[in-house]
Amino acid sequence: MNKETGRTRSRGFTLIELIIVVGVIIILAAAAVPSFGSTLARMRIQSNASQMAQDLQLVRASAITYQQDLYVYVCTSPATSMTTYYYELFQKAPLTTVPTHYTPMDAPVSGKFVKKVALYNMSFGVPFWSGPTSISPTLTTLDGRQYVVFAFCCGESSNFRGQPGIVNSTLAPPYTAFSGVVGIPVVDSSSRTWYVTVSPTGQASSNGVSP
């Protein structure tokens, strides 16, 4: 009679058990994919909005630091160009009698004039007053593009330092002061919308609620 060798024989998974485990994994993965896609889309739109808010804060800080009114141009037409905005960090010719500003017709200049394009095929909506009421464009360039132009003030005249305003068609003061919060929509290809908001004191932030 054969004696036991003392070894313990382990029992493996049966085919049915393996099929059940694989099936559960597939179901869990299928449930997670839509949630992951939604999270990724939200992260992307938040990234664009946060970047624009940071840029606006930088323009405000530069206006105070260099004692110059500085402009931000948000394209509102045509729709194919509503992926772009420009901003000044230093005036084009600050020592002239009437300071000259960069415009979207100028090429970007490192450290002075910046062009930004939305990532992930997103676009920017028409800026609006809280309410909402759309803000009319104040600049039409030679190539037919229209822009709403914001100014961040250096503190001269009746404007306080960092005060935002809407620039008129002459691209010179006086500006239309903010009577409330201004919102700039950021929209993705599925019409999800996030907002960049600018307060009457010039503070910029991003959030998912329309002002």
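No lab work stands behind these numbers, since they all come straight from the coordinates. Because the structure is predicted, anything quoted here is derived from the model rather than measured. Note: ideal-geometry Cβ built from the backbone for every residue, glycine included; neighbour counts use all protein chains shown.
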### Task
Taking only the stretch 181-197 into account, find how many residues are in a strand (DSSP E or B) and either closer than 17 Å to residue 56 by Cα or of a type in the set (A, V, I, L, M, F, W, C) (or both).
10
### Task
Those residues that are surrounded by fewer than 20 Cβ atoms within 10 Å (Cβ to Cβ), outside any strand (DSSP E or B) and touching a strand residue (DSSP E or B) at 6+ places or on another chain (Cβ under 9 Å), I need them from the stretch 139-157; list them, please.
141, 144
### Query
Got a number for residues in the stretch 124-138 being surrounded by fewer than 19 Cβ atoms within 10 Å (Cβ to Cβ) and either part of a strand (DSSP E or B) or of a type in the set (A, V, I, L, M) (or both)?
3
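Within the group 80, 65, 97, 39, which residue is in a loop (DSSP other than H, G, I, E, B), free of Cβ contacts under 8 Å to residues at least 40 places away in the same chain and of a type in the set (S, T, N, Q)?
After applying the criteria, what remains is 97.
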#### Entry: Where a residue in the stretch 47-60 is without any contact (Cβ under 8 Å) to a residue 24 or more places away in the chain and within 24 Å of residue 161 (Cβ to Cβ) and its partner, wherever it lies, is outside any helix (DSSP H, G or I) and among the acidic types (Asp, Glu), with Cβ under 7 Å and at least six apart
none
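Could you grab me the full set of residues in the stretch 158-180 that are of a type in the set (A, V, I, L, M) and in a strand (DSSP E or B)? Steps first, please.
Narrowing the stretch 158-180 to residues of a type in the set (A, V, I, L, M): 166-167, 171-172, 177.
Selection gives 166, 177.
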